[in-house]
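Novice: Just passing along the structure, written as structure tokens.
The values are calculated or read from the model by the stated rules, or taken from the named source; none is laboratory data. Here the structure is a predicted model, which is why all the values come from computation and not from measurement. Heads up, the Cβs are rebuilt from the backbone with ideal geometry, glycines too, and the neighbour counts pull from every protein chain shown.
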Amino acid sequence: MPGSFDDLLDANRHNQADFAFAGLTGRPRRGLAVVACMDTRIDPLAVLGLQPGDAKILRNAGARVTDDVVRSLAIVVANLGVDRVAVIAHTDCAMNKLSADELRASVAATSGQTTDDWDPLAVEDQVATLRADVDRLHHDPLLPDDLTIGAFVYDVETGALTPLA
Ligand SMILES: [Zn+2]
């Protein structure tokens, strides 16, 4: 139903009937935070064999380590026992397939705004970008030196998660 959220509210009423997650806290049981792309084909909990309550999940276009991802990680590391971070990029990612210019042009068209100076954080080289993003986490002054950081690529066709070599 376009423009309505009735379908979601209806589904939520059904979900409440067998709700099983009462009593969980915001402290992730597995000490894990995941940075993943917002791609519709990725269910981070299922991919990693996790349940609600196990991990903090941060998602954005391209699984990029942005200022806000660093902000969120600094907070959960300092307050909620997170001691490892998995950054998960994936195959067939739109942020890898579309250039920065194409992304700027598309947003200019829908918004009517000039986007020449806007950085959509496009991913030209996925492996190089993952390495740079992990490097940023390793060196960010707000994150402790002993934080364990892993980088992975998820294959949306096979479901395989491959650590970055
Ligand atoms: Zn993606």
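Novice: Among the listed residues Val34, Val87, Val69, Val82, identify the single one that is within 29 Å of Asp125 (Cβ to Cβ), crowded, with 16+ Cβ neighbours inside 10 Å and over 10 Å from the mean Cα position of the chain (by Cα).
Specialist: Among Val34, Val87, Val69, Val82, only Val82 is within 29 Å of Asp125 (Cβ to Cβ), crowded, with 16+ Cβ neighbours inside 10 Å and over 10 Å from the mean Cα position of the chain (by Cα).
Novice: Among the residues of the stretch 107-128, is any in contact with a strand residue (DSSP E or B) (Cβ under 7 Å, 6 or more places away or on another chain) and closer than 20 Å to Pro44 by Cα? It would help to see each step written out before you state the result.
Specialist: Narrowing the stretch 107-128 to residues in contact with a strand residue (DSSP E or B) (Cβ under 7 Å, 6 or more places away or on another chain): 126.
Okay, now just the ones that are also closer than 20 Å to Pro44 by Cα, so 126.
Yes, because at least one residue in the stretch 107-128 is in contact with a strand residue (DSSP E or B) (Cβ under 7 Å, 6 or more places away or on another chain) and closer than 20 Å to Pro44 by Cα.
Novice: May I ask you to list the residues in the stretch 52-69 that are within 14 Å of the ligand (Cβ to nearest atom) and of a type in the set (Lys, Arg)?
Specialist: Arg59, Arg64, listed by residue number.
Novice: Taking Thr115, is it farther than 30 Å from Thr25 by Cα, surrounded by 13 or more Cβ atoms within 10 Å (Cβ to Cβ) and either more than 15 Å from the ligand (Cβ to nearest atom) or among the hydroxyl-bearing types (Ser, Thr, Tyr) (or both)?
Specialist: Spelling it out, Thr115 is indeed farther than 30 Å from Thr25 by Cα, surrounded by 13 or more Cβ atoms within 10 Å (Cβ to Cβ) and either more than 15 Å from the ligand (Cβ to nearest atom) or among the hydroxyl-bearing types (Ser, Thr, Tyr) (or both).
Novice: Are there any pairs, at least 6 apart or on different chains, whose C-beta atoms fall under 6 Å, with the first in the stretch 52-76 and touching a residue at least 24 places away in the same chain (Cβ under 8 Å) and the second of a type in the set (D, E, K, R), and if so, which?
Specialist: Gly53/Arg29; Asp54/Arg29; Asp54/Arg30; Ala55/Arg30; Val65/Asp133; Val65/Arg136; Val70/Asp140; Val76/Lys56
Novice: Also, quick follow-up: Take Ala11 and decide whether it is more than 16 Å from the ligand (Cβ to nearest atom), crowded, with 16+ Cβ neighbours inside 10 Å and not in a loop (DSSP other than H, G, I, E, B). I'd like the intermediate steps shown before the answer.
Specialist: Working: more than 16 Å from the ligand (Cβ to nearest atom): yes; crowded, with 16+ Cβ neighbours inside 10 Å: no; not in a loop (DSSP other than H, G, I, E, B): yes.
So Ala11 does not fit the description; no.
Novice: Could I ask something else about it? Where the second residue is acidic (Asp, Glu) and near the ligand (Cβ under 9 Å from one of its atoms) and the first is at pLDDT 95 or above and lies in the stretch 32-43, which pairs have Cβ atoms under 9 Å and are six or more apart or on separate chains?
Specialist: Asp39/Asp92; Arg41/Asp92
Novice: Check off (1) within 13 Å of the ligand (Cβ to nearest atom); (2) surrounded by fewer than 18 Cβ atoms within 10 Å (Cβ to Cβ) for Thr129 and give me the number that stays unchecked.
Specialist: Tallying (1) within 13 Å of the ligand (Cβ to nearest atom); (2) surrounded by fewer than 18 Cβ atoms within 10 Å (Cβ to Cβ), Thr129 fails exactly one: (2).
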